[in-house]
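Data first, discussion second: the structure below is written as structure tokens.
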Number of protein chains: 2
Amino acid sequence: MKIIARIRNDFKEKFGIPRQSGILDSFKSRIVFEPEYRVKEALRGIEGYSHLWLIWEFSEAKRAGFSPTVRPPRLGGNKRMGVFATRSPYRPNPIGLSSVRLLEILDTADEGTVLIVSGADLLDGTPVYDIKPYLSFTDSHPDAVCGFADEVKGYLLDVDFPEELLAKVDTGKRESLVRLLADDPRPSYIADGDRIYTFSFADYEISFNVENNLLTVTDVAVR
Amino acid sequence: MKIIARIRNDFKEKFGIPRQSGILDSFKSRIVFEPEYRVKEALRGIEGYSHLWLIWEFSEAKRAGFSPTVRPPRLGGNKRMGVFATRSPYRPNPIGLSSVRLLEILDTADEGTVLIVSGADLLDGTPVYDIKPYLSFTDSHPDAVCGFADEVKGYLLDVDFPEELLAKVDTGKRESLVRLLADDPRPSYIADGDRIYTFSFADYEISFNVENNLLTVTDVAVR
């Protein structure tokens with residue numbers, strides 16, 4: 001498998017990345033092709049598509065051996081489901097699949113032609129194996145039944161982000177950040193309101209705790 | 001990349017496979033896990049999903065080197081588009097992506113637990129790298145704009161299948177076969193009404209010609 005491109009964005013560490021693509025419509029990423037694939041002709045016609053598929057490597061989630069079951073964070077982290085019934089990164093082949101919205105095709109001096117997309121749930125630097133156009137007549141099944149994922153899809157936390165802390169964050173990144181926090185970036189639902197979690201986003205280290213359904217930001221450090 | 005499963009169905013050769021998944025709702029395939037991944041627990045919860053993603057290898061479409069453009073058959077075979085703007089098999093990594101409908105989960109004596117799916121546009125024996133649940137709230141974009149694919153998506157041939165020839169085909173396979181022919185299995189649109197094409201489906205060798213928008217079956221041989 002050849003790396004054709006890498007994603008560039010503000011997700012600097014795994015903790016805090018939304019668990020599904022599309023959650024962050026406002027969140028932009030840049031797809032930068034590797035020098036070998038930096039050929040503008042390879043993108044001819046892509047401007048006609050509103051959405052793309054990215055097939056990529058779960059580069060931060062490698063595990064030795066095959067574990068037939070995983071514990072989805074959205075089920076509280078203590079219930080096991082078959083790996084093929086989940087989108088967990090811990091699968092026989094660490095391949096991720098995300099649909100993104102294509103916003104712009106930019107010719108740059110340093111990086112050749114890059115794609116600007118929104119909604120990518122990929123860590124900065126993630127290797128991309130393939131980019132395909134999204135074809136609604138075969139890829140879209142709005143009425144698909146989605147098992148246990150259907151039961152938890154509306155799950156969001158309330159977010160209390162004190163004004164003096166929010167003021168430290170670049171205005172253009174506030175909406176994405178609050179949406180990320182509401183999505184509950186904890187690895188599992190640990191009933192421990194005293195625990196302080198930290199995660200990195202763009203140039204910020206955000207500290208927070210969660211009690212019941214309320215996430216409270218306790219600190220914002222600028223790196 | 002590890003092969004986790006192989007597809008089993010009536011598509012015995014590449015010529016004649018529909019160009020996109022989902023076209024053949026009536027056409028069933030069986031997903032047979034490799035012995036190492038033949039573990040029923042790995043499927044726990046999958047019964048709750050109506051659709052799955054298959055990520056698989058274009059095992060019959062390997063080419064040396066990177067060609068930035070391809071000629072999509074649906075554009076007549078003589079217009080070049082960027083490879084990343086198409087679902088062509090001739091891409092840097094020969095990875096295919098297909099959504100299928102999950103019909104049944106069967107415990108078998110010989111092959112362990114197998115998945116019965118419909119709509120798979122994969123050749124018999126194709127290696128499968130991953131199976132993921134289809135999540136409508138992130139994967140479904142019914143209003144996605146689909147570039148040149150939108151312009152050609154309604155394309156179908158009229159099919160003239162003489163009754164005495166159709167009688168040779170198993171009744172359960174007739175509908176799929178006619179639908180496959182309407183989808184125009186020719187590699188490109190060659191304006192040559194005299195040319196006879198042949199393709200294999202299940203136990204049959206179907207011969208046909210195409211003139212203007214009419215495909216006429218000229219022979220059915222049973223293997």
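Would you be able to say whether some residue in segment A:166-179 is of a type in the set (Ser, Thr, Tyr) and assigned to a helix (DSSP H, G or I)? Yes.
Just the residues that are at negative phi and surrounded by fewer than 19 Cβ atoms within 10 Å (Cβ to Cβ), please, taken from segment B:105-117.
Keep residues of segment B:105-117 that are at negative phi, which gives B:105-111, B:113-117.
If the condition is that a residue be at negative phi and surrounded by fewer than 19 Cβ atoms within 10 Å (Cβ to Cβ), then B:105, B:106, B:107, B:108, B:109, B:110, B:111, B:113, B:116 are the ones that fit.
Which of the residues that make up segment A:55-95 are under 18 Å from the mean Cα position of the chain (by Cα) and at pLDDT below 80? Answer for segment A:55-95, where residues must be under 18 Å from the mean Cα position of the chain (by Cα) and at pLDDT below 80: A:60, A:61, A:62, A:73, A:74.
Being part of a loop (DSSP other than H, G, I, E, B) and of a type outside the set (A, V, I, L, M) is the filter; apply it to segment A:148-165 and report the residue that is surrounded by the most Cβ atoms within 10 Å (Cβ to Cβ).
Initial filter on segment A:148-165 (part of a loop (DSSP other than H, G, I, E, B)): A:153-157, A:161-162.
Retained after the next criterion (residues that are of a type outside the set (A, V, I, L, M)): A:153-155, A:161-162.
On the way: A:153: 15, A:154: 7, A:155: 12, A:161: 18, A:162: 12.
The selected residue is A:161.
Scanning segment A:58-73 for residues that are surrounded by 16 or more Cβ atoms within 10 Å (Cβ to Cβ), in a loop (DSSP other than H, G, I, E, B) and not hydroxyl-bearing (Ser, Thr, Tyr) yields A:58, A:68, A:71, A:72. Among what's in segment A:93-113 and is part of a strand (DSSP E or B) and among the small types (Gly, Ala, Ser), pick the residue that is nearest to the other protein chains (Cβ to nearest Cβ). Going through the qualifying residues, I end up with A:99.
Suppose we filter segment A:138-178 for residues that are within 14 Å of chain B (Cβ to nearest Cβ), touching a residue at least 60 places away in the same chain (Cβ under 8 Å) and in contact with a strand residue (DSSP E or B) (Cβ under 9 Å, 6 or more places away or on another chain); how many remain? Can you show your working first?
Start the filter on segment A:138-178 by keeping residues that are within 14 Å of chain B (Cβ to nearest Cβ), which leaves A:138-156.
From what's left, touching a residue at least 60 places away in the same chain (Cβ under 8 Å): A:139, A:147-149, A:152, A:155.
Keeping just the survivors that are in contact with a strand residue (DSSP E or B) (Cβ under 9 Å, 6 or more places away or on another chain) gives A:139, A:147-149.
Here the count works out to 4.
Confirm whether residue A:120 is of a type in the set (Gly, Ala, Ser), at pLDDT below 95, touching a Ser or Thr at 6+ places or on another chain (Cβ under 8 Å) and surrounded by 20 or more Cβ atoms within 10 Å (Cβ to Cβ). Judged against the criteria, residue A:120 is a match.
Taking segment B:192-223 as the range and being touching a residue at least 24 places away in the same chain (Cβ under 8 Å) and out of contact with any strand residue (DSSP E or B) (no Cβ under 8 Å at 6 or more places or on another chain) as the test, the residues that pass are B:201, B:202.
Among the candidates A:152, A:145, A:117, the residue that is within 30 Å of residue A:40 (Cα to Cα), among the aliphatic types (A, V, I, L, M) and out of contact with any Asp or Glu (no Cβ under 6 Å at 6 or more places or on another chain) is uniquely A:117. With respect to being touching a helix residue (DSSP H, G or I) at 6+ places or on another chain (Cβ under 9 Å), on the phi > 0 side of the Ramachandran plot and at the interface with another protein chain (Cβ under 8 Å from one of its Cβ atoms), residue A:82 falls outside the description.
Residue by residue, here is whether (1) polar (S, T, N, Q); (2) within 22 Å of residue B:7 (Cα to Cα); (3) not in a loop (DSSP other than H, G, I, E, B) holds:
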position	(1), (2), (3)
B:115	no, yes, yes
B:121	no, yes, no
B:128	no, yes, yes
B:186	no, no, no
B:199	no, yes, yes
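Does residue B:95 satisfy the criteria of being surrounded by fewer than 17 Cβ atoms within 10 Å (Cβ to Cβ), within 27 Å of residue B:201 (Cβ to Cβ) and among the β-branched types (Val, Ile, Thr)? Here the answer is no, as residue B:95 does not meet what is asked. When residue A:134 is tested against (1) over 29 Å from residue B:100 (Cβ atoms); (2) in contact with a His (Cβ under 7 Å, 6 or more places away or on another chain), only condition (1) is not met.
Checked against (1) surrounded by fewer than 19 Cβ atoms within 10 Å (Cβ to Cβ); (2) at negative phi; (3) not acidic (Asp, Glu), residue A:76 passes all but a single condition, namely (2).
The values are calculated or read from the model by the stated rules, or taken from the named source; none is laboratory data. Predicted model, so just to flag it, every value in this text is computed and none were measured. Methodologically, a virtual Cβ is constructed for each residue, glycine included, from the backbone with ideal geometry; neighbour enumeration extends over all protein chains shown.
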